[in-house]
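Working notes, structure below.
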Amino acid sequence: MPHPSDSRKFLTLPAVQPGADVSPATLLCALVALADEILALRSNPFPIHRRSAREAIRQVGAILEFLADIRGRGSALPASAAVGFSELHLALQKLRHLLWDCARPGARLWVLMRSELVSNEFQMLVRSISTALDVLPLASIDAAPELKELVRLVREQAWRATVGTEPADAMAMRSMWSILGQFKNGIAPNRIDLRWILDHLRIRSWNDCSEEIAFLEELFLASLDDDDEEEEAALLGSLMAFMVYCRVVLFDAVDDEKSSEKQSKARARAMSHVNLDHLRCPISLELMTDPVTIATGQTYDRASISKWLKSGCLTCPVTGEKLTNSSLVPNSAIRNLMEQFCHETKVPIPEPNGKPKRDLTRTATPLSAAATEATRMVAAFLVHKLAVGTNQERNKAAHEIRKLSKSNIFNRACLVEAGSVPWLLYHFSSSDPSIQDNAVAALMSLSKHPSGGKAIVEAGGLGLIVDVIRVALRVEAQQNAAAILFYLSSDEEYRTEIGRMAEAIPTLVELLREGTYRGRKNAIVTLYGLLLCPDNLRKILVAGAIPALTSILSSDRADLVNDAVAVLAKIAEGHDGTTAILKSSAVPHLVAFLRSSTSRSGRENCVSALLSLCNNGGAKAVSLLEQIPVLMPSLYSLVTEGSPQAGNKARSLLNHIHHLHDQEDLVMMGVVHAQ
């Protein structure tokens, strides 16, 4: 398995040349440690290039005996040994990388398809080891005679050895190219041929296939950064499609599905308690893309704290303590937590260098001709299983569609085109919680595609979606059903259709009151989308949305509060909305939020809501705000420190309040004059 810190490109073999001033004794210790690492790999199965890997490890084992004997004797080493040790160290570094790659979980298919390259590397490294041993001054080194003789034997064998692709590997590779050609021509390959290849690679389960797919995706994304790797990217796309086809067609059940679901739910519960503000840099108030910890133990984003230090500030921005040093230690725990949080809450993950993160889910075009046809075959197979399969087959088909529809846009298009939407909707009423859960989650991903949304509405699916929100067998299905309405509400026609359904908006408001964190989150953003249709405003008010939103303003979940403020701001844009908000207890909560929030967008939405109340509610609304003394400092703060838009809105709101003051002064003067 690759070392955790190994960030090199797969099947590249970088090595560090030992310095000229490194002593033979130091090199000897480094060689023993390196050889130990290589020998630790001998328990790996090496499905591909097995003979080459085993022979290389055997040779290293013999060399290690020799090296360990030298170290054990403790005799002085001749200076001339440094050259041979240095060359051997270089060769073993590269061999370790190559063996790591050949043993890497998920990399079996790619190693097979790169057999010629791998064989050449083994050949060169074996020769390099022979050359390094050849320049060792064996006569001047204190070691057991039989071990010296063993080294000579290894040297001669390594020099004479001819390393090539093993016949079985070559046959498997030819079969793979044949199957990819069949896919390209729209021909379904023989399952016996598929099984033979997977058996050769020791890919024996659904999870094994998924592991291969995940690794190929990783390589594919890396290849997109290199303009010269178009051919490699196309091959990777074809191989991913091959593995998906095998996983779908050859394996009847998903391994450890319940265990995976439990782990996923546990992660979601853990993430639901993470406060997003704790993942923001104290300097920039943005998500930390490259968190680092300084000497005081405080964590900042690297770019922000580096700029702070370069400006001559040698204190901690949070504590004010003087820094004993300017070291920046990467905080991988915070980085991992941020990535998990962003994944669970669907917040885009920013990149440290400002470049957009490569995302396979946005792939709308097929990765290759073979991948196109293989994906269409998979889609047709899954829809057939949804329609006529056993309960187990239907559940697996829904689960596969769920995974594939999350993968990329092209997969979604193929699945919708194959007719999956009506059958997924059919399984919304399943009495099996797993089938319902997988069907709803699959449709959620398909609803993101324009053709998916159209298919849902045309199949009469809106009512079924609302029913699942009300009476789902599992909470996750309820949450995902609400998310489907959110994606549909982005379309003007569909948000009108949703609003016309008598139960839709009341059901969302009920979810807003009683749902889980994620359910409430989805309900809030869906209501915001529905508000883009003016006809939905009154229905949302009648359903009791404002009290439900107001209660969320007291939540300790900053992202929920921000979303609730945005919906209230949207409601306040209409006269009916303003009237309803002024009659509620929302205004003091909005002012309190404006005072305490550190969210720029949240504060701007809040001041927008308050400004709309004044514009639509007149003197009554302004008078209400005037009676809350903590509002004025918050508005002045926005004028000086907020964004231009927020500052302008705060200035307008201040003008409203000052104008009311002036009017009151004039009235008072008139009263005095009358007396």
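The values are calculated or read from the model by the stated rules, or taken from the named source; none is laboratory data. Quick caveat: nothing in here was measured; it's all calculated off a predicted structure. When we count neighbours, we look across all protein chains shown, and the Cβ atoms used for this are built from the backbone with ideal geometry, even at glycine. The protein model used for the area step is the full one, side chains on, heavy atoms only, and it has no ligands, DNA or RNA in it. Shrake-Rupley method; radii C 1.70, N 1.55, O 1.52, S 1.80 Å.
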So if I check each of A30, A79, A35, A40, which one is free of Cβ contacts under 8 Å to residues at least 60 places away in the same chain, open to solvent by 30 Å² or more (accessible area, probe 1.4 Å) and under 37 Å from the mean Cα position of the chain (by Cα)?
A40
What's the total number of residues in the range 424-482 that are polar (S, T, N, Q), touching a Gly at 6+ places or on another chain (Cβ under 7 Å) and within 18 Å of A397 (Cα to Cα)?
1
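Yes/no matrix, rows are residues, columns are (1) part of a helix (DSSP H, G or I); (2) within 28 Å of S368 (Cβ to Cβ); (3) without any contact (Cβ under 8 Å) to a residue 40 or more places away in the chain:
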position: W159; (1), (2), (3): yes, no, yes
position: G164; (1), (2), (3): no, no, no
position: A170; (1), (2), (3): yes, yes, no
position: S175; (1), (2), (3): yes, yes, yes
When (1) surrounded by 21 or more Cβ atoms within 10 Å (Cβ to Cβ); (2) assigned to a helix (DSSP H, G or I) are applied to L136, the one that fails is (2)
In the list R191, R204, R160, which residue meets the criterion of being exposed (fewer than 14 other Cβ atoms within 10 Å of the Cβ) and under 20 Å from V111 (Cα atoms)?
R204
Select, from R127, R58, R51, the only residue that is in contact (Cβ under 8 Å) with a residue 40 or more places away in the chain, under 19 Å from V163 (Cα atoms), assigned to a helix (DSSP H, G or I) and not aromatic (F, W, Y).
R51
Within the range 273-288, does at least one residue satisfy the condition of being at pLDDT below 90, under 30 Å from R474 (Cβ atoms) and in contact with a Ser or Thr (Cβ under 9 Å, 6 or more places away or on another chain)?
yes
